[in-house]
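The values are calculated or read from the model by the stated rules, or taken from the named source; none is laboratory data. Model, not experiment: these values are computed from the prediction. Because the Cβ atoms are built from the backbone with ideal geometry, glycine has one as well, and the counts that use them run over all protein chains shown. Heads up: the accessible areas ignore ligands, DNA and RNA and are worked out on the full protein's heavy atoms, side chains in. Shrake-Rupley method; radii C 1.70, N 1.55, O 1.52, S 1.80 Å.
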Amino acid sequence: MISDFIEIGVKDDVAKAIAEMGWDNPTPIQKESIPAGIEGMDMFAQAQTGTGKTGAFGSIILGRIEAGGRIPRAIILTPTRELANQVSEEVGKMAKYSGHEVVAIYGGASIEGQISKLEKGADIVAGTPGRVRDMIDRRVLNLADIRILVLDEADRMLDMGFIEDIEYIMKAMPPERQMLLFSATLPEGVKRLAYDYMPKPKEITVSRDEVVLDLTKQYYISVGRRNKTWALCRILDIDKPKAIIFCQTKKMVDILEERLTGLKYKVEAIHGDLPQSRREKVIRDLKEGRIDLLIATDVAARGLDIDDIEYVINYDMPDDVDTYIHRIGRTGRAGREGVAVSFVTSNEEYLIREFEARTAMEIVKRDVPDKDEGERDTVRKVVDYDQLSDPFGMVRFEINLGKNDGYGKVMLADFIIRNARIRDAAIGKIEVGADSSVVEVHRDFGNRMTMDLPKCKHKGKRIAVEVLH
Ligand code: AMP
(Lines give C-alpha, C1' and ligand atoms only; values in the text may rest on other atoms or scores of the structure.)
Protein backbone atom coordinates (compact mmCIF):
# COMPACT_ATOMS: atom_id res chain seq x y z
CA MET A 1 0.00 0.00 0.00
CA ILE A 2 1.15 3.48 -0.82
CA SER A 3 0.32 4.58 2.73
CA ASP A 4 2.88 2.11 4.12
CA PHE A 5 5.55 4.08 2.35
CA ILE A 6 4.20 7.46 3.42
CA GLU A 7 4.02 6.24 7.01
CA ILE A 8 7.77 5.59 7.16
CA GLY A 9 8.52 9.06 5.81
CA VAL A 10 8.52 8.70 2.03
CA LYS A 11 7.19 11.89 0.44
CA ASP A 12 3.77 11.71 -1.19
CA ASP A 13 4.93 12.33 -4.73
CA VAL A 14 7.72 9.77 -4.37
CA ALA A 15 5.31 7.21 -2.90
CA LYS A 16 3.03 7.76 -5.88
CA ALA A 17 5.87 6.98 -8.29
CA ILE A 18 6.87 3.96 -6.21
CA ALA A 19 3.33 2.60 -6.39
CA GLU A 20 3.48 2.86 -10.18
CA MET A 21 6.74 0.90 -10.13
CA GLY A 22 4.77 -1.96 -8.61
CA TRP A 23 6.23 -1.91 -5.14
CA ASP A 24 3.53 -2.83 -2.66
CA ASN A 25 5.29 -2.76 0.70
CA PRO A 26 8.55 -1.31 1.95
CA THR A 27 11.29 -3.92 2.31
CA PRO A 28 12.92 -4.45 5.73
CA ILE A 29 15.86 -2.23 4.91
CA GLN A 30 13.54 0.49 3.68
CA LYS A 31 11.48 0.32 6.87
CA GLU A 32 14.55 0.54 9.01
CA SER A 33 16.56 3.14 7.15
CA ILE A 34 14.12 5.65 5.70
CA PRO A 35 12.77 7.18 8.95
CA ALA A 36 16.28 7.75 10.36
CA GLY A 37 17.64 8.85 7.02
CA ILE A 38 14.89 11.40 6.51
CA GLU A 39 15.81 12.85 9.90
CA GLY A 40 19.33 13.34 8.66
CA MET A 41 21.20 10.54 10.40
CA ASP A 42 24.32 9.00 8.94
CA MET A 43 23.98 5.32 8.16
CA PHE A 44 26.13 2.23 7.92
CA ALA A 45 24.11 -0.58 6.37
CA GLN A 46 25.07 -4.09 5.53
CA ALA A 47 22.88 -5.01 2.61
CA GLN A 48 23.25 -6.84 -0.67
CA THR A 49 21.79 -6.35 -4.06
CA GLY A 50 18.17 -7.41 -3.97
CA THR A 51 17.25 -5.97 -0.58
CA GLY A 52 15.76 -2.77 -1.96
CA LYS A 53 18.69 -0.60 -0.88
CA THR A 54 18.44 1.65 -3.92
CA GLY A 55 14.83 2.36 -3.00
CA ALA A 56 16.00 3.11 0.54
CA PHE A 57 18.65 5.70 -0.22
CA GLY A 58 16.61 7.03 -3.15
CA SER A 59 13.67 7.77 -0.84
CA ILE A 60 15.96 9.47 1.67
CA ILE A 61 17.60 11.69 -0.95
CA LEU A 62 14.33 12.61 -2.64
CA GLY A 63 12.80 13.38 0.75
CA ARG A 64 15.61 15.61 1.93
CA ILE A 65 16.67 17.73 -1.01
CA GLU A 66 14.60 20.09 -3.09
CA ALA A 67 14.33 19.60 -6.82
CA GLY A 68 15.46 22.21 -9.31
CA GLY A 69 18.94 22.89 -8.00
CA ARG A 70 21.64 24.30 -10.25
CA ILE A 71 24.43 22.21 -8.82
CA PRO A 72 23.99 18.73 -7.33
CA ARG A 73 22.92 18.31 -3.73
CA ALA A 74 23.30 14.54 -3.55
CA ILE A 75 25.92 12.21 -4.96
CA ILE A 76 25.89 8.41 -5.14
CA LEU A 77 29.19 6.63 -5.77
CA THR A 78 29.04 3.13 -7.26
CA PRO A 79 31.77 0.65 -8.27
CA THR A 80 30.67 0.09 -11.89
CA ARG A 81 29.07 2.00 -14.69
CA GLU A 82 26.27 -0.57 -14.93
CA LEU A 83 25.37 0.13 -11.34
CA ALA A 84 25.67 3.90 -11.83
CA ASN A 85 23.28 3.61 -14.73
CA GLN A 86 20.89 1.35 -12.93
CA VAL A 87 20.84 3.52 -9.82
CA SER A 88 20.25 6.67 -11.83
CA GLU A 89 17.45 4.96 -13.73
CA GLU A 90 15.74 3.68 -10.60
CA VAL A 91 16.07 6.95 -8.68
CA GLY A 92 14.97 8.78 -11.84
CA LYS A 93 11.80 6.69 -11.91
CA MET A 94 11.17 7.37 -8.24
CA ALA A 95 11.51 11.08 -9.02
CA LYS A 96 8.85 11.00 -11.74
CA TYR A 97 6.53 13.35 -9.82
CA SER A 98 9.01 15.16 -7.58
CA GLY A 99 10.94 16.42 -10.60
CA HIS A 100 14.48 15.78 -9.41
CA GLU A 101 17.04 15.49 -12.20
CA VAL A 102 19.41 12.54 -11.94
CA VAL A 103 22.57 12.32 -14.04
CA ALA A 104 24.82 9.28 -14.43
CA ILE A 105 28.55 9.90 -14.70
CA TYR A 106 30.91 7.13 -15.68
CA GLY A 107 33.89 6.37 -17.88
CA GLY A 108 33.72 4.75 -21.27
CA ALA A 109 30.93 7.05 -22.46
CA SER A 110 31.10 10.53 -23.99
CA ILE A 111 32.23 12.97 -21.33
CA GLU A 112 30.76 15.90 -23.28
CA GLY A 113 27.25 14.45 -23.11
CA GLN A 114 27.58 14.03 -19.35
CA ILE A 115 28.98 17.54 -18.94
CA SER A 116 26.13 19.08 -20.88
CA LYS A 117 23.59 17.26 -18.71
CA LEU A 118 25.33 18.61 -15.61
CA GLU A 119 25.24 22.10 -17.06
CA LYS A 120 21.50 21.88 -17.57
CA GLY A 121 21.17 21.40 -13.81
CA ALA A 122 21.31 18.13 -11.92
CA ASP A 123 19.99 17.51 -8.43
CA ILE A 124 21.50 14.08 -8.02
CA VAL A 125 24.60 12.54 -9.52
CA ALA A 126 25.26 8.79 -9.65
CA GLY A 127 28.75 7.92 -10.79
CA THR A 128 31.90 5.89 -10.57
CA PRO A 129 34.68 7.38 -8.42
CA GLY A 130 37.26 7.69 -11.22
CA ARG A 131 35.05 9.66 -13.59
CA VAL A 132 33.59 11.78 -10.78
CA ARG A 133 37.07 12.79 -9.68
CA ASP A 134 37.99 13.58 -13.25
CA MET A 135 34.91 15.82 -13.54
CA ILE A 136 35.87 17.65 -10.34
CA ASP A 137 39.38 18.25 -11.68
CA ARG A 138 37.98 19.63 -14.91
CA ARG A 139 35.81 21.95 -12.84
CA VAL A 140 32.62 20.75 -14.50
CA LEU A 141 31.30 19.09 -11.35
CA ASN A 142 30.90 21.29 -8.31
CA LEU A 143 30.26 19.48 -5.03
CA ALA A 144 30.14 22.60 -2.85
CA ASP A 145 26.43 22.16 -2.24
CA ILE A 146 26.34 18.41 -1.52
CA ARG A 147 24.08 17.54 1.41
CA ILE A 148 24.01 13.75 1.03
CA LEU A 149 26.71 11.30 0.00
CA VAL A 150 25.88 7.65 -0.69
CA LEU A 151 28.57 5.00 -1.01
CA ASP A 152 26.91 2.05 -2.70
CA GLU A 153 28.60 -1.36 -2.64
CA ALA A 154 31.47 0.14 -0.66
CA ASP A 155 33.25 -3.22 -0.36
CA ARG A 156 33.48 -3.56 -4.11
CA MET A 157 34.68 0.00 -4.54
CA LEU A 158 37.51 -0.69 -2.10
CA ASP A 159 38.30 -4.00 -3.83
CA MET A 160 38.60 -2.10 -7.06
CA GLY A 161 41.08 0.32 -5.50
CA PHE A 162 38.84 3.38 -5.42
CA ILE A 163 39.63 4.42 -1.83
CA GLU A 164 41.88 7.30 -2.83
CA ASP A 165 39.36 8.64 -5.33
CA ILE A 166 36.58 8.35 -2.76
CA GLU A 167 38.54 10.30 -0.16
CA TYR A 168 39.47 12.91 -2.74
CA ILE A 169 35.80 13.34 -3.68
CA MET A 170 34.78 13.59 -0.01
CA LYS A 171 37.25 16.44 0.50
CA ALA A 172 35.55 18.34 -2.29
CA MET A 173 32.23 18.50 -0.44
CA PRO A 174 31.09 20.26 2.73
CA PRO A 175 32.09 18.33 5.88
CA GLU A 176 28.62 18.52 7.40
CA ARG A 177 27.03 16.39 4.67
CA GLN A 178 24.96 13.34 5.58
CA MET A 179 26.58 10.04 4.64
CA LEU A 180 24.94 6.71 3.85
CA LEU A 181 27.22 3.74 3.38
CA PHE A 182 26.01 0.42 1.97
CA SER A 183 28.13 -2.68 1.75
CA ALA A 184 27.37 -6.37 1.24
CA THR A 185 30.31 -7.48 3.37
CA LEU A 186 32.16 -5.76 6.22
CA PRO A 187 35.91 -6.08 5.73
CA GLU A 188 38.26 -3.91 7.81
CA GLY A 189 38.61 -1.27 5.10
CA VAL A 190 34.88 -0.71 4.93
CA LYS A 191 34.58 -0.40 8.71
CA ARG A 192 37.44 2.09 8.76
CA LEU A 193 35.80 4.14 6.02
CA ALA A 194 32.52 4.10 7.92
CA TYR A 195 33.86 5.05 11.34
CA ASP A 196 36.48 7.51 10.11
CA TYR A 197 33.87 9.61 8.38
CA MET A 198 30.72 9.02 10.39
CA PRO A 199 30.90 9.80 14.11
CA LYS A 200 27.72 7.97 15.13
CA PRO A 201 26.05 6.24 12.22
CA LYS A 202 22.82 4.29 12.54
CA GLU A 203 23.82 0.71 11.96
CA ILE A 204 21.59 -1.59 9.98
CA THR A 205 22.04 -5.24 9.09
CA VAL A 206 19.74 -6.89 6.65
CA SER A 207 19.95 -10.63 6.84
CA ARG A 208 19.89 -12.69 3.71
CA ASP A 209 16.38 -13.94 4.44
CA GLU A 210 15.15 -10.44 3.91
CA VAL A 211 16.18 -10.15 0.32
CA VAL A 212 13.30 -9.06 -1.89
CA LEU A 213 13.87 -12.04 -4.11
CA ASP A 214 13.60 -14.51 -1.31
CA LEU A 215 10.23 -15.76 -2.46
CA THR A 216 11.99 -17.03 -5.55
CA LYS A 217 13.72 -20.38 -5.50
CA GLN A 218 16.79 -20.30 -7.66
CA TYR A 219 18.12 -23.27 -9.57
CA TYR A 220 20.56 -23.94 -12.31
CA ILE A 221 20.82 -26.82 -14.74
CA SER A 222 24.06 -27.77 -16.37
CA VAL A 223 23.25 -28.35 -20.02
CA GLY A 224 25.14 -27.93 -23.28
CA ARG A 225 24.08 -25.48 -25.94
CA ARG A 226 22.74 -28.17 -28.22
CA ASN A 227 20.47 -29.63 -25.56
CA LYS A 228 18.92 -26.46 -24.21
CA THR A 229 15.73 -26.87 -26.23
CA TRP A 230 15.44 -30.46 -25.03
CA ALA A 231 15.79 -29.32 -21.40
CA LEU A 232 13.35 -26.46 -21.94
CA CYS A 233 10.70 -28.72 -23.43
CA ARG A 234 11.06 -31.13 -20.52
CA ILE A 235 10.38 -28.29 -18.08
CA LEU A 236 7.47 -26.94 -20.12
CA ASP A 237 5.91 -30.40 -20.55
CA ILE A 238 6.31 -31.55 -16.98
CA ASP A 239 5.99 -28.43 -14.83
CA LYS A 240 3.66 -26.59 -17.25
CA PRO A 241 4.55 -23.18 -15.83
CA LYS A 242 3.49 -19.70 -16.78
CA ALA A 243 6.94 -18.51 -17.70
CA ILE A 244 9.18 -15.87 -19.17
CA ILE A 245 12.11 -17.31 -21.08
CA PHE A 246 15.14 -15.05 -21.49
CA CYS A 247 17.62 -15.15 -24.35
CA GLN A 248 20.72 -13.01 -24.79
CA THR A 249 20.01 -11.80 -28.33
CA LYS A 250 17.05 -10.80 -30.48
CA LYS A 251 18.12 -13.40 -32.99
CA MET A 252 18.01 -16.16 -30.41
CA VAL A 253 14.56 -14.97 -29.30
CA ASP A 254 13.34 -15.31 -32.88
CA ILE A 255 14.93 -18.71 -33.38
CA LEU A 256 13.48 -20.09 -30.17
CA GLU A 257 10.02 -18.69 -30.90
CA GLU A 258 10.03 -20.38 -34.29
CA ARG A 259 11.28 -23.64 -32.84
CA LEU A 260 8.72 -23.75 -30.01
CA THR A 261 5.87 -22.68 -32.28
CA GLY A 262 6.90 -25.48 -34.64
CA LEU A 263 6.62 -27.87 -31.69
CA LYS A 264 3.06 -26.60 -31.07
CA TYR A 265 3.70 -24.60 -27.92
CA LYS A 266 1.67 -21.44 -27.55
CA VAL A 267 4.39 -18.83 -27.23
CA GLU A 268 4.99 -15.24 -28.16
CA ALA A 269 8.18 -13.24 -28.26
CA ILE A 270 9.18 -9.67 -27.58
CA HIS A 271 12.36 -7.78 -28.32
CA GLY A 272 13.43 -4.29 -29.13
CA ASP A 273 12.92 -4.60 -32.89
CA LEU A 274 9.18 -5.13 -32.60
CA PRO A 275 6.92 -2.08 -32.73
CA GLN A 276 5.69 -0.80 -29.38
CA SER A 277 2.07 -1.68 -30.21
CA ARG A 278 3.00 -5.28 -30.89
CA ARG A 279 4.97 -5.55 -27.66
CA GLU A 280 2.07 -4.12 -25.70
CA LYS A 281 -0.33 -6.63 -27.24
CA VAL A 282 1.92 -9.55 -26.37
CA ILE A 283 2.24 -8.37 -22.77
CA ARG A 284 -1.54 -7.99 -22.54
CA ASP A 285 -1.96 -11.53 -23.88
CA LEU A 286 0.35 -12.80 -21.17
CA LYS A 287 -1.27 -10.74 -18.40
CA GLU A 288 -4.75 -11.82 -19.37
CA GLY A 289 -3.80 -15.46 -19.73
CA ARG A 290 -4.19 -15.94 -23.50
CA ILE A 291 -0.62 -17.21 -23.58
CA ASP A 292 1.52 -18.74 -20.85
CA LEU A 293 4.94 -18.50 -22.40
CA LEU A 294 6.86 -15.40 -23.34
CA ILE A 295 10.33 -15.33 -24.84
CA ALA A 296 12.14 -12.04 -24.32
CA THR A 297 15.35 -10.08 -24.35
CA ASP A 298 16.39 -8.06 -21.32
CA VAL A 299 15.61 -4.74 -22.93
CA ALA A 300 12.09 -5.77 -23.87
CA ALA A 301 11.36 -7.21 -20.43
CA ARG A 302 12.61 -4.21 -18.46
CA GLY A 303 10.20 -3.37 -15.70
CA LEU A 304 7.71 -6.01 -16.82
CA ASP A 305 5.27 -6.42 -13.96
CA ILE A 306 3.03 -9.46 -14.15
CA ASP A 307 1.85 -10.96 -10.89
CA ASP A 308 1.47 -14.62 -11.72
CA ILE A 309 4.67 -15.53 -13.54
CA GLU A 310 5.69 -18.86 -12.00
CA TYR A 311 8.99 -19.46 -13.73
CA VAL A 312 11.76 -17.33 -15.10
CA ILE A 313 13.94 -19.43 -17.34
CA ASN A 314 17.35 -18.17 -18.31
CA TYR A 315 17.69 -20.04 -21.58
CA ASP A 316 20.87 -18.05 -21.98
CA MET A 317 22.74 -16.97 -18.90
CA PRO A 318 23.10 -13.21 -18.41
CA ASP A 319 26.70 -12.12 -17.91
CA ASP A 320 26.21 -9.70 -15.04
CA VAL A 321 24.51 -10.02 -11.69
CA ASP A 322 22.31 -6.95 -12.06
CA THR A 323 20.68 -8.37 -15.17
CA TYR A 324 20.26 -11.68 -13.39
CA ILE A 325 18.53 -10.02 -10.45
CA HIS A 326 16.30 -8.03 -12.74
CA ARG A 327 15.29 -11.11 -14.69
CA ILE A 328 14.47 -13.27 -11.73
CA GLY A 329 12.63 -10.33 -10.18
CA ARG A 330 9.95 -10.91 -12.84
CA THR A 331 8.73 -13.86 -10.79
CA GLY A 332 7.97 -14.22 -7.08
CA ARG A 333 5.93 -11.02 -7.23
CA ALA A 334 3.03 -9.90 -5.10
CA GLY A 335 3.91 -12.33 -2.34
CA ARG A 336 3.77 -15.40 -4.56
CA GLU A 337 6.47 -18.01 -4.79
CA GLY A 338 8.51 -18.06 -7.93
CA VAL A 339 11.08 -20.30 -9.52
CA ALA A 340 14.12 -19.17 -11.47
CA VAL A 341 15.96 -21.75 -13.57
CA SER A 342 19.18 -20.92 -15.38
CA PHE A 343 20.70 -23.05 -18.10
CA VAL A 344 24.47 -22.99 -17.84
CA THR A 345 27.01 -24.61 -20.09
CA SER A 346 30.12 -26.04 -18.48
CA ASN A 347 32.17 -22.92 -19.12
CA GLU A 348 29.50 -20.66 -17.59
CA GLU A 349 29.30 -22.38 -14.22
CA TYR A 350 31.66 -19.83 -12.69
CA LEU A 351 28.90 -17.22 -13.16
CA ILE A 352 26.72 -19.14 -10.73
CA ARG A 353 29.44 -18.98 -8.07
CA GLU A 354 29.91 -15.29 -8.76
CA PHE A 355 26.19 -14.47 -8.58
CA GLU A 356 25.84 -16.46 -5.37
CA ALA A 357 28.64 -14.49 -3.79
CA ARG A 358 27.32 -11.13 -4.93
CA THR A 359 23.75 -11.73 -3.78
CA ALA A 360 24.50 -13.97 -0.79
CA MET A 361 21.78 -16.26 -2.11
CA GLU A 362 21.98 -19.90 -2.96
CA ILE A 363 21.48 -21.14 -6.50
CA VAL A 364 20.84 -24.85 -6.26
CA LYS A 365 21.90 -27.32 -8.92
CA ARG A 366 19.08 -29.45 -10.22
CA ASP A 367 18.56 -31.97 -12.98
CA VAL A 368 16.35 -31.72 -15.99
CA PRO A 369 12.98 -33.12 -14.81
CA ASP A 370 12.35 -36.78 -15.65
CA LYS A 371 9.69 -37.97 -18.04
CA ASP A 372 7.42 -40.79 -16.98
CA GLU A 373 8.51 -44.14 -18.27
CA GLY A 374 7.46 -44.73 -21.84
CA GLU A 375 6.61 -41.08 -22.38
CA ARG A 376 8.25 -39.59 -25.40
CA ASP A 377 10.35 -36.44 -25.44
CA THR A 378 9.11 -33.52 -27.51
CA VAL A 379 12.71 -32.92 -28.55
CA ARG A 380 15.35 -35.64 -28.58
CA LYS A 381 18.45 -35.24 -26.49
CA VAL A 382 21.63 -35.23 -28.53
CA VAL A 383 25.21 -35.86 -27.56
CA ASP A 384 26.65 -32.41 -26.99
CA TYR A 385 30.32 -32.63 -27.79
CA ASP A 386 30.88 -29.01 -26.74
CA GLN A 387 29.75 -29.87 -23.24
CA LEU A 388 31.84 -33.06 -23.11
CA SER A 389 35.07 -31.60 -24.42
CA ASP A 390 38.06 -30.42 -22.42
CA PRO A 391 39.36 -26.83 -22.71
CA PHE A 392 41.19 -27.78 -25.91
CA GLY A 393 38.02 -29.09 -27.52
CA MET A 394 38.98 -32.76 -27.18
CA VAL A 395 36.46 -35.49 -26.35
CA ARG A 396 37.38 -38.98 -25.13
CA PHE A 397 35.99 -42.04 -26.89
CA GLU A 398 36.31 -45.70 -26.05
CA ILE A 399 36.70 -48.06 -28.98
CA ASN A 400 36.65 -51.87 -28.76
CA LEU A 401 40.00 -52.47 -30.43
CA GLY A 402 43.23 -53.12 -28.53
CA LYS A 403 46.49 -55.04 -28.36
CA ASN A 404 44.68 -58.37 -28.59
CA ASP A 405 43.36 -57.30 -31.97
CA GLY A 406 46.91 -56.48 -33.03
CA TYR A 407 46.50 -52.73 -32.72
CA GLY A 408 49.04 -50.18 -31.46
CA LYS A 409 48.77 -46.40 -31.36
CA VAL A 410 49.78 -45.76 -34.96
CA MET A 411 47.57 -48.47 -36.43
CA LEU A 412 44.61 -47.34 -34.39
CA ALA A 413 45.05 -43.72 -35.48
CA ASP A 414 45.27 -44.88 -39.10
CA PHE A 415 42.16 -46.99 -38.74
CA ILE A 416 40.20 -44.01 -37.38
CA ILE A 417 41.53 -41.53 -39.93
CA ARG A 418 40.59 -43.82 -42.79
CA ASN A 419 37.21 -45.06 -41.65
CA ALA A 420 35.82 -41.97 -39.93
CA ARG A 421 37.40 -39.49 -42.38
CA ILE A 422 39.10 -37.58 -39.58
CA ARG A 423 42.12 -35.36 -40.01
CA ASP A 424 45.34 -36.44 -38.35
CA ALA A 425 45.53 -33.21 -36.37
CA ALA A 426 42.11 -33.83 -34.83
CA ILE A 427 43.34 -36.91 -33.00
CA GLY A 428 44.92 -36.45 -29.60
CA LYS A 429 46.16 -38.86 -26.97
CA ILE A 430 45.65 -42.57 -27.53
CA GLU A 431 45.82 -45.14 -24.73
CA VAL A 432 45.80 -48.66 -26.10
CA GLY A 433 44.47 -51.36 -23.76
CA ALA A 434 44.17 -55.11 -24.17
CA ASP A 435 40.66 -55.26 -25.63
CA SER A 436 39.76 -51.61 -25.91
CA SER A 437 41.41 -48.24 -26.24
CA VAL A 438 40.68 -44.64 -25.32
CA VAL A 439 41.17 -42.05 -28.02
CA GLU A 440 40.89 -38.26 -27.84
CA VAL A 441 39.26 -36.72 -30.89
CA HIS A 442 38.31 -33.11 -31.52
CA ARG A 443 34.62 -32.39 -30.81
CA ASP A 444 33.99 -31.31 -34.42
CA PHE A 445 34.40 -34.96 -35.42
CA GLY A 446 32.36 -36.42 -32.57
CA ASN A 447 29.50 -37.50 -34.80
CA ARG A 448 31.79 -39.23 -37.27
CA MET A 449 33.34 -41.21 -34.44
CA THR A 450 29.99 -42.46 -33.18
CA MET A 451 28.18 -42.76 -36.53
CA ASP A 452 30.81 -43.84 -39.07
CA LEU A 453 33.12 -46.12 -37.13
CA PRO A 454 30.39 -48.53 -35.94
CA LYS A 455 29.68 -49.23 -39.62
CA CYS A 456 33.13 -50.87 -39.92
CA LYS A 457 34.41 -54.27 -38.96
CA HIS A 458 37.79 -55.64 -37.96
CA LYS A 459 38.21 -59.30 -38.84
CA GLY A 460 34.46 -59.86 -38.58
CA LYS A 461 34.19 -57.97 -35.25
CA ARG A 462 31.79 -55.03 -35.33
CA ILE A 463 33.39 -51.82 -34.07
CA ALA A 464 31.72 -50.19 -31.09
CA VAL A 465 32.42 -46.62 -29.98
CA GLU A 466 31.29 -44.95 -26.80
CA VAL A 467 31.64 -41.36 -25.67
CA LEU A 468 33.25 -41.09 -22.25
CA HIS A 469 31.68 -38.55 -19.88
P1 AMP B 1 18.25 -3.30 -4.94
O2 AMP B 1 18.51 -3.95 -3.62
O3 AMP B 1 18.20 -1.83 -4.83
O4 AMP B 1 19.24 -3.77 -5.96
O5 AMP B 1 16.78 -3.72 -5.42
C6 AMP B 1 16.46 -4.99 -5.87
C7 AMP B 1 15.16 -5.02 -6.65
O8 AMP B 1 14.05 -4.89 -5.79
C9 AMP B 1 15.01 -3.93 -7.69
O10 AMP B 1 14.56 -4.54 -8.88
C11 AMP B 1 13.94 -3.00 -7.12
O12 AMP B 1 13.20 -2.41 -8.15
C13 AMP B 1 13.11 -3.94 -6.29
N14 AMP B 1 12.49 -3.29 -5.11
C15 AMP B 1 13.03 -2.36 -4.29
N16 AMP B 1 12.17 -2.01 -3.32
C17 AMP B 1 11.06 -2.75 -3.49
C18 AMP B 1 9.82 -2.87 -2.79
N19 AMP B 1 9.54 -2.13 -1.71
N20 AMP B 1 8.93 -3.75 -3.25
C21 AMP B 1 9.18 -4.50 -4.33
N22 AMP B 1 10.32 -4.44 -5.06
C23 AMP B 1 11.26 -3.58 -4.63
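Observations on the structure shown:
- Between HIS458 and ILE463, the built amide H atoms are under 5 Å apart, and every one of these is 5 or more places off in sequence or on another chain.
- The modelled label-to-label distance between LYS461 and LEU263, using points 7 Å beyond Cα along the C-beta direction, is 4.0 nm.
- Amide H contacts of MET173 (H built 1.01 Å from N, in plane; Pro and chain starts excluded): no residue 5 or more places away or on another chain comes under 5 Å.
- Computed from phi, the 3J(HN,Hα) profile of the range 290-302 under the Karplus parametrisation 6.51, -1.76, 1.60 (θ = phi - 60°) reads 6, 10, 10, 10, 10, 9, 8, 8, 4, 4, 5, 9, 4 Hz, with x in place of Gly and Pro.
- When the inverse distances between all different Cα atoms of the range 12-97 are averaged and flipped, the Kirkwood radius reads 13.5 angstrom.
- Exposure rank, largest accessible area first [ARG358, ARG330; 1.4 Å]: ARG358, ARG330
- Protein accessible area in the chain, 1.4 Å probe - carbon and sulfur %: 47 percent
- Entries of LYS240/LYS264; LYS16/LYS117; LYS228/LYS251; LYS31/LYS202; LYS16/LYS287 with Cα pairs more than 19 Å apart: LYS16/LYS117; LYS16/LYS287
- Here's how it looks for ALA104: its modeled amide H is under 5 Å from those of ALA126, which are all 5 or more places away or on a different chain.
- A crude spin-label estimate for the pair VAL410 and ASP145, with each label 7 Å from Cα along the Cβ direction, gives 8.6 nm.
- 1.4 Å probe accessible area per residue over the range 92-246, in Å²: 45 Å²
- Rounded tilt (10° steps) of 349-359 against the dominant C-alpha axis of the chain: 20 degrees
- Normalised by 2.2 N^0.38 Å, where N is the number of residues, the C-alpha radius of gyration of the chain stands at 1.23.
- Per-residue HN-Hα couplings for the range 29-46 [Karplus 6.51, -1.76, 1.60; θ = phi - 60°; Hz; x = Gly/Pro]: 5, 5, 4, 7, 8, 5, x, 5, x, 5, 6, x, 6, 6, 8, 10, 10, 8
- At full extension, ASP367 and GLU7 could sit 125.0 nm farther apart than now, given 0.36 nm per residue minus the alpha carbon distance.
- Against the chain, whose longest principal axis is taken from its Cα atoms, helix 409-420 shows a tilt of about 80°.
- Lysine pair count for the range 385-467 [Cα-Cα under 22 Å; pairs on different chains or 8 or more apart]: 10
- Relative contact order (percent, whole number), the range 216-365, Cα cutoff 8 Å, 6+ residue spacing: 36 percent
- Residue-normalised accessible area of the range 385-467, expressed per residue, 1.4 Å probe, Å²: 55 Å²
- Förster radius 45 Å - calculated FRET efficiency between SER116 and GLU39 (Cβ-Cβ, nearest 0.05): 0.80
- The range 207-339: Rg to Rh, with Rh as the Kirkwood radius over Cα pairs: 0.94
- The range 250-344 - accessible surface per residue (Å², probe 1.4 Å): 44 Å²
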